[in-house]
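First the structure, in the form of structure tokens, and then the observations on it.
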Amino acid sequence: MLADGVDAVVCNSAIWKTDVPAVFTAAARVLRPGGRFVFNVGGGFAGVTHPSARTRPAPLSLGSLIEQIATRDHGTPPTQVSGAPRLPLSAVTSHLTAAGLTLVAADVTAQHTTMAERRAWLFIPVFARPDSGLSHDQQRAILQEAFAQTRPDEVTITSWLVVVAQLDGTRP
């Protein structure tokens, strides 16, 4: 690290699966005053949906197929969906403030992804589903079975909350 800190910290995956306050504090610690921290949060975790994702009929998601197969073949209980997102913008803002960062911008974006690209994403252990109870080998087998029920080139839209924060004043 430079003695005066870095200009930017960028995190583009899985920040919502970490100790968010610790990550925000660490980012603030290495930034120079005025430095930016840019990251994204999956739409489901942030509780956001891009307008283009609402206006288009969604294909059956790999996540839904995975859950059906895991329940049917492995006895995994269906995921209980609570109405509250895990990391909404209000929580993000609170964590940023506690770390000495100021929210500069937040935008909901849409990512157009093929089923094949989505499969590659879900193949990564931290993103594999279902979230608990099965080995990664079992999760991969379920993913392959679910993927076989889709069209690889079919496009899905995922929503993302993209956040820009800034360190004001001096580093903590």
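Structure data summary
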read-out	value
Test result for Arg118, loosely packed, with under 14 Cβ neighbours inside 10 Å, out of contact with any Lys or Arg (no Cβ under 6 Å at 6 or more places or on another chain) and basic (Lys, Arg)	no
Long-range neighbours under 9 Å by Cβ, at least six apart or interchain, first residue without any contact (Cβ under 8 Å) to a residue 40 or more places away in the chain within the stretch 129-142, second surrounded by fewer than 17 Cβ atoms within 10 Å (Cβ to Cβ) and basic (Lys, Arg)	none
Members of the stretch 113-150 that are in a loop (DSSP other than H, G, I, E, B) and within 20 Å of Ala53 (Cβ to Cβ)	Arg129, Thr150
Residue within the stretch 77-97 that is surrounded by 13 or more Cβ atoms within 10 Å (Cβ to Cβ), out of contact with any His (no Cβ under 7 Å at 6 or more places or on another chain), of a type in the set (Lys, Arg) and part of a helix (DSSP H, G or I) present	no
All positions within the stretch 28-50 that are in a helix (DSSP H, G or I) and within 18 Å of the chain's Cα centre (by Cα)	Gly43, Gly44, Phe45, Ala46
Long-range neighbours under 7 Å by Cβ, at least six apart or interchain, first residue free of Cβ contacts under 8 Å to residues at least 60 places away in the same chain and farther than 15 Å from Gln166 by Cβ within the stretch 82-100, second part of a loop (DSSP other than H, G, I, E, B) and among the small types (Gly, Ala, Ser)	Pro85/Gly47; Pro88/Gly47
Filtered residue count, the stretch 1-22, keeping only those that are assigned to a helix (DSSP H, G or I) and either surrounded by fewer than 18 Cβ atoms within 10 Å (Cβ to Cβ) or hydroxyl-bearing (Ser, Thr, Tyr) (or both)	3
Qualifying positions in the stretch 1-27 - in contact (Cβ under 8 Å) with a residue 60 or more places away in the chain and more than 21 Å from the chain's Cα centre (by Cα)	Gly5
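Bear in mind that the values in this text are calculations on the coordinates, not laboratory data. Quantities reported herein were computed from a predicted structural model and do not represent experimental measurements. Backbone-built Cβ (ideal geometry, glycine too); neighbour counts: all protein chains shown.
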